[in-house]
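Below is one structure, written out as structure tokens, with a few remarks after it.
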Amino acid sequence: MKLVVAGPFGVGKTTLIRTLSEIATLHTEEAMTETGRPVDDLAGVPEKVTTTVAVDFGRLTLPGNVVLYMFGTPGQRRFFPLWRDIARGAVGALVLADTRRLADSFEIMDMVEEQGLPYAVAVNRFPDAPDHPVDVLRTHLDLHAATPLLLCDARDRDSSLDALIALAEHVLDSLPAAPAAPVTPEQP
């Protein structure tokens, strides 16, 4: 099952994939430079020193031999064409959000919806981020009632796993029901 881990710049996508992957992750993080400062808004994430420039990749096998292939996307606007390529063939997306910058998630959720992907939202809990009840977050993010919304800590395996499992269950629930096998009359 190919899943996209998406979200704005600096929300914890790389961390979540590293936390969950059972294999050494592929990641394309590079040091941020002075040249990128005008286009990479560090508001809310002043400690960030690296950024994903292409893709993160990890794999996780769940009980029942369900294999999740996690593809993390860069969060900056200049990488959105790459995002569409990475999302091709995915069955769902986990959108990470940050309460310090919730509005930054709208553009990402719009892209996920435009691709027709079912998705779940996981609010990554940063130590200095404001804490809000889930119902307030759901309203502020304008989420459909069926869209899973969870709180998580991308550094914590159990918390991240709960978010990914919620997405996988949502994806499976979103699949069309298999047509019933045709009934054929018995041959005499």
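The values are calculated or read from the model by the stated rules, or taken from the named source; none is laboratory data. Treat the numbers as computed from the prediction; the structure is a model and nothing was measured. No Cβ is skipped: glycine too gets one built from the backbone with ideal geometry, and neighbour counts run over all protein chains shown. Please note that ligands, DNA and RNA were not included when accessible areas were found on the heavy atoms of the full protein model with its side chains. Shrake-Rupley method; radii C 1.70, N 1.55, O 1.52, S 1.80 Å.
Values computed for the structure shown
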| read-out | value |
| --- | --- |
| Solvent exposure, largest accessible area first (probe 1.4 Å, DNA, RNA and ligands not counted), of ASP98, ASP104 | ASP104, ASP98 |
| Contour minus Cα-Cα distance for HIS132 and ASP173 (0.36 nm per residue) | 12.0 nm |
| Residues of the range 109-128 with amide N under 13 Å of a point placed 7 Å along Cα→Cβ from ALA145 | none |
